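Just below is one structure, and these are the notes that go with it.
The values are calculated or read from the model by the stated rules, or taken from the named source; none is laboratory data. This is a predicted model, so every value here is computed, not measured. Positions of Cβ are backbone-derived with ideal geometry, glycine not excepted, and every protein chain shown enters the neighbour counts. All accessible areas refer to the heavy atoms of the entire protein, side chains included, with ligands and DNA or RNA removed. Shrake-Rupley method; radii C 1.70, N 1.55, O 1.52, S 1.80 Å.
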Amino acid sequence: MVSPETGFQSLPISHFMTASAAFAVEVAVAMPVRGTFTYGVPEPFVLAAVPGVRVLAPFGRRRATGYILGPGGSPGQKEIKPILDVLDEGPVFPASMIPFFRWTADYYKHPLGEVIEAALPGGMTFFECAAFSITENGRRQLDGGGGLTELERRVLERLARVRLRARELRKQIGQEVPGPLLSALERRGLLARQVLMRGGAAKPLQERWARAGAATSADGLSPKKRAVLETLLAAGELPVSELAARVPRAAAHLRALEQAGHLEIFSRSLYRDPFGEPIPPDSPPTLTAAQDEAVKNVCAALGKGFRTFLLKGVTSSGKTEVYMRVAAEALASGRSALVLVPEIALISQTERRFRARFGERIAVLHSALSGGERFDQWTRILRGEARIAIGVRSAVFAPFSDLGVIIVDEEHDASYKQEGGLHYSARDLAVVRAQQLKAVALLGSATPSLQSYYNVRTGKYTELALPQRIEERPLPDIRVVDLRQLRDLRGPGRFISDELKHAMAETLSRGEQALLFLNRRGYASFPVCAACGSSLRCRHCDISLTLHQAAEAYRCHYCGYSRPATAVCDACGSGKIKRLGMGTEKVEAAVRALFPQARIARMDHDTTRRKGSILSLLKGLRERTVDVLVGTQMVAKGHDFPAITLVGIICADLSLSFPDFRAGERTFQLLAQVAGRAGRGERPGQVILQTYNPENFNIRAARDQDFEAFYEKEIGFRKALSYPPVARMIQLRISGRDPQRTRQTAERLGGCCRALQAAEPENFAALDILGPAEAALARIAGNFRWQVLLKSLNGGALHRFMDRLIAEHPQVFAARSERVVIDVDPFFMM
Ligand code: ADP
Ligand code: ZN
Ligand code: ZN
């Protein structure tokens, strides 16, 4: 077997002897190809080749990682190639997940092998790639100077220094290096191509252990060896490191003892514990009447087939307690439970509560884990050692085979949508997985997505309500301040109103905590030249730069492009740049100026890059070493801090003006959620909501915490304009570095769509094809962006249309220079 080793590894083809195949298997290959493939299984692999194991398989001129899905076509066929190796001793996912993978690939129009690759913990895929180096001939040609094009010369110059893969070469040269050019250089003997295997780095951490061997007599052993043996006999078996700690310099004698048969050395997989501090067990509280009712309803449905519940509970109504009771009941009936939570800001807290209740039966899956830790968590679930998993969106693929319930907390949260690679919604997949397993799906939120509430109204989901806060604490009192009145003021008074300032002073004087929310990071989001009035813009994106004071730089929030804070105006060269627009850094500075005594912290993307920084910020809040927390939407997410009695929303309008049909929904959810952070303890909370649009419907609905009113109005818009959840959408996103060719590709794609519709009006007449149109952000990181939007009231027809489009124009979707990305049920429309 191939040992999964880190980094480069070269495997000669001759290493794999191809015996004749004993039977055939269906394999999904981790490559951008549609469909599955049949491979033969040679004799030596017959026992190991079961569904769910990874194999190494020849693919075209390469070798690739594949996943066995089940028996394949007939093994007698001549053209069937044999697999080259089996990479695992047992399945890395349960066979019961295969239908789920197939559904996902089919629905999201993504290659099945890449779906499985995305589902597995990172680093489990081997792939083959070519690296290039210069030959002696190539060096001579380079020195001679003649017979090379400009690009050929630059390629060879790079390769004269170091061996590079095609992708690295492209990066270093800063332009596309066409494959045919490399092949031509290879034929001319100027460069050499080597085939490398990479990846597959994730594996169990091995620890060396010792136990007593078969030899019985200790006669003739030195006192030192005797001491080693006695220690071992007393303990049964020990890690070698522990043995060496108990008997100094034991390691030096192990080999001799092993050879004489006195002991055995073996290795054992080590479990990397991702948890930090110990958490004392909790005792479950008595449920409130509403909680009890919800728990009874869900538990009555457990084990009785598929059903989806939407738990609509106001902020701080005790939803987590409901989840824990339901999970406990699933466990009691011999099934496991999967709990999805939004990104890591929340997982720490939910994880704490679940661990306090369930201890070591829990596995966690999130991005703060190292690759090895994640692999270990995965393995614990696979083996049935962990019965509950808590994780972020990718945990929807946790390798359970016996799920009783899948819980999705804060189901409206945007972080359940995966952008890039396999585009999917973990919330939607959670419901699909529950359906396939005949399990219960439990979605919860104080501000349900329009989609889920629509499903309640249409009878697909069952609504459960927790209409009151725990202990009947009141919802916070929300006061609206009209920012237009502050327009002519200067300094902090422009964005921190007197009302907010006074409320903060009172809160701090009572020793309580305040949370200030602004959904934009940095210091000034709109730097403008004082001389000529042009704004400082990103060189690679259609967007203005943001000044970050701490970093002393202007930064682009889309591509990371950065200029020093001393930069001058591109248009006129003036160094006088006005720092207009605000961000969390500016708010923090203003609070420091207004309240020099207060202990202030900031939580946004800039302050939480380091591993563990979110946890330490939250710890500061919990232990009350922080008085004021300033932050972006990271602070809105589900946190439960009883001493926060004041929430200040600096400017409620930032997300309202986005050119996206969900702008109103996002604004309502964000405001209602952030307001819900106030008054969760014994003291009542207050919220000061500052806005330039006090009359706006979404803002008024958030002020009144009136989800129903918001829903009725918003669903009316969606119905009138045929937007989701009433209709279904697929977005095709076209991007490329060349503006002309990107536009042409978009137009060609639009033409293909219209031609297909015209050819089959009986099937596709009810489909809306919108575009191609330039994206709202027309350029990001040097890529020009276009969109085609497909929309229909009939989801089935929409998907059939998309499948036909892919089948009839595969080259459009496989092109590499102008990429076309398929986003089913898109979430971010810009
Ligand atoms: P939500 O998720 O709905 O915002 P939480 O689950 O965070 O609410 O609950 C809010 C607080 O109430 C938490 O501190 C929780 O421990 C507490 N709590 C929940 N249920 C009960 C109960 N039945 N009795 C007492 N306290 C409870
Ligand atoms: Zn200027
Ligand atoms: Zn940029």
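The table below gives the values:
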{"item": "Test for SER655: is it within 16 Å of ligand 3 (Cβ to nearest atom), modelled with pLDDT under 95 and surrounded by 17 or more Cβ atoms within 10 Å (Cβ to Cβ)", "result": "no"}
{"item": "Matching entry among ARG609, ARG602, ARG592 (being open to solvent by 40 Å² or more (accessible area, probe 1.4 Å), among the basic types (Lys, Arg) and either modelled with pLDDT of 90 or more or over 18 Å from ARG520 (Cβ atoms) (or both))", "result": "ARG592"}
{"item": "Some residue of the stretch 615-623 being open to solvent by 40 Å² or more (accessible area, probe 1.4 Å), away from ligand 3 (no atom under 16 Å from the Cβ) and touching a residue at least 12 places away in the same chain (Cβ under 8 Å)", "result": "yes"}
{"item": "Residues of the stretch 683-711 classified as touching a helix residue (DSSP H, G or I) at 6+ places or on another chain (Cβ under 7 Å), without any contact (Cβ under 8 Å) to a residue 60 or more places away in the chain and open to solvent by 10 Å² or more (accessible area, probe 1.4 Å), total", "result": "4"}
{"item": "Tally of residues being within 16 Å of ligand 3 (Cβ to nearest atom), farther than 9 Å from CYS569 by Cα and not hydrophobic (A, V, I, L, M, F, W, C) across the stretch 522-551", "result": "10"}
{"item": "Hits in the stretch 266-297 (condition: of a type outside the set (Lys, Arg), over 21 Å from ARG355 (Cα atoms) and modelled with pLDDT of 85 or more)", "result": "THR288, ALA289, ALA290, ASP292, GLU293, ALA294, ASN297"}
{"item": "Qualifying residue in the stretch 372-383 (condition: without any contact (Cβ under 8 Å) to a residue 12 or more places away in the chain and either more than 28 Å from ARG666 (Cβ to Cβ) or open to solvent by less than 20 Å² (accessible area, probe 1.4 Å) (or both))", "result": "yes"}
{"item": "So GLY511, is it more than 37 Å from the chain's Cα centre (by Cα), away from ligand 2 (no atom under 16 Å from the Cβ) and not hydrophobic (A, V, I, L, M, F, W, C)", "result": "yes"}
{"item": "Residues satisfying the stated conditions in the stretch 403-431, i.e. crowded, with 24+ Cβ neighbours inside 10 Å and within 16 Å of ligand 1 (Cβ to nearest atom)", "result": "ILE407, VAL408, GLU410, GLU411, HIS412, ASP413"}
{"item": "Residue match in the stretch 519-526 (condition: more than 16 Å from ligand 1 (Cβ to nearest atom), outside any loop (DSSP other than H, G, I, E, B) and buried (at least 20 other Cβ atoms within 10 Å of the Cβ))", "result": "yes"}
{"item": "Residue match in the stretch 390-408 (condition: hydroxyl-bearing (Ser, Thr, Tyr) and outside any loop (DSSP other than H, G, I, E, B))", "result": "yes"}
{"item": "Criterion: of a type outside the set (Val, Ile, Thr), within 16 Å of ligand 3 (Cβ to nearest atom) and open to solvent by less than 40 Å² (accessible area, probe 1.4 Å) - qualifying residue of LEU756, LEU749, LEU777, LEU767", "result": "LEU777"}
{"item": "Long-range neighbours under 6 Å by Cβ, at least six apart or interchain, first residue on the phi > 0 side of the Ramachandran plot within the stretch 574-599, second open to solvent by 30 Å² or more (accessible area, probe 1.4 Å)", "result": "GLY581/PHE526"}
{"item": "Scope the stretch 351-368; condition open to solvent by 10 Å² or more (accessible area, probe 1.4 Å) and part of a helix (DSSP H, G or I); matching residues", "result": "GLU351, ARG352, ARG353, ARG355, ALA356, ARG357, PHE358, GLY359, GLU360, ARG361"}
{"item": "One residue from SER544, SER534 being at pLDDT below 90, within 16 Å of ligand 2 (Cβ to nearest atom) and surrounded by 17 or more Cβ atoms within 10 Å (Cβ to Cβ)", "result": "SER544"}
{"item": "Residues of the stretch 645-675 classified as more than 27 Å from MET830 (Cβ to Cβ) and touching a Leu at 6+ places or on another chain (Cβ under 9 Å), total", "result": "3"}
{"item": "Hits in the stretch 432-445 - residues which are open to solvent by 20 Å² or more (accessible area, probe 1.4 Å) and touching a Leu at 6+ places or on another chain (Cβ under 9 Å)", "result": "LEU437"}
{"item": "Matching option when the condition is away from ligand 1 (no atom under 16 Å from the Cβ), open to solvent by less than 70 Å² (accessible area, probe 1.4 Å) and modelled with pLDDT of 90 or more, among ALA300, ALA260, ALA218", "result": "ALA300"}
{"item": "Odd one out for LEU11, checked against (1) among the hydrophobic types (A, V, I, L, M, F, W, C); (2) surrounded by fewer than 19 Cβ atoms within 10 Å (Cβ to Cβ); (3) at pLDDT 85 or above", "result": "(3)"}
{"item": "Per-region count, the stretch 100-118, residues in a helix (DSSP H, G or I), open to solvent by 10 Å² or more (accessible area, probe 1.4 Å) and closer than 21 Å to SER367 by Cβ", "result": "3"}
{"item": "Residue in the stretch 578-597 that is within 16 Å of ligand 2 (Cβ to nearest atom), among the aliphatic types (A, V, I, L, M) and more than 21 Å from THR667 (Cα to Cα) present", "result": "yes"}
{"item": "Exclusive hit being of a type outside the set (A, V, I, L, M) and open to solvent by less than 40 Å² (accessible area, probe 1.4 Å), set ARG54, ARG62", "result": "ARG54"}
{"item": "Matching residues, the stretch 651-682, being touching a strand residue (DSSP E or B) at 6+ places or on another chain (Cβ under 6 Å) and aliphatic (A, V, I, L, M)", "result": "ALA652, VAL674, ALA675, ALA678"}
{"item": "Residues of the stretch 169-193 classified as touching a helix residue (DSSP H, G or I) at 6+ places or on another chain (Cβ under 9 Å) and part of a helix (DSSP H, G or I), total", "result": "8"}
{"item": "Test: residue in the stretch 788-797 that is open to solvent by 20 Å² or more (accessible area, probe 1.4 Å), more than 16 Å from ligand 3 (Cβ to nearest atom) and assigned to a strand (DSSP E or B)", "result": "yes"}
{"item": "Residue in the stretch 275-297 that is most open to solvent (accessible area, probe 1.4 Å), counting only those that are over 25 Å from PHE641 (Cα atoms) and either within 16 Å of ligand 3 (Cβ to nearest atom) or in contact (Cβ under 8 Å) with a residue 40 or more places away in the chain (or both)", "result": "GLU293"}
{"item": "From ASP488, ASP498, ASP477, residue being open to solvent by 10 Å² or more (accessible area, probe 1.4 Å), closer than 15 Å to ILE688 by Cα and either within 16 Å of ligand 1 (Cβ to nearest atom) or modelled with pLDDT under 90 (or both)", "result": "ASP477"}
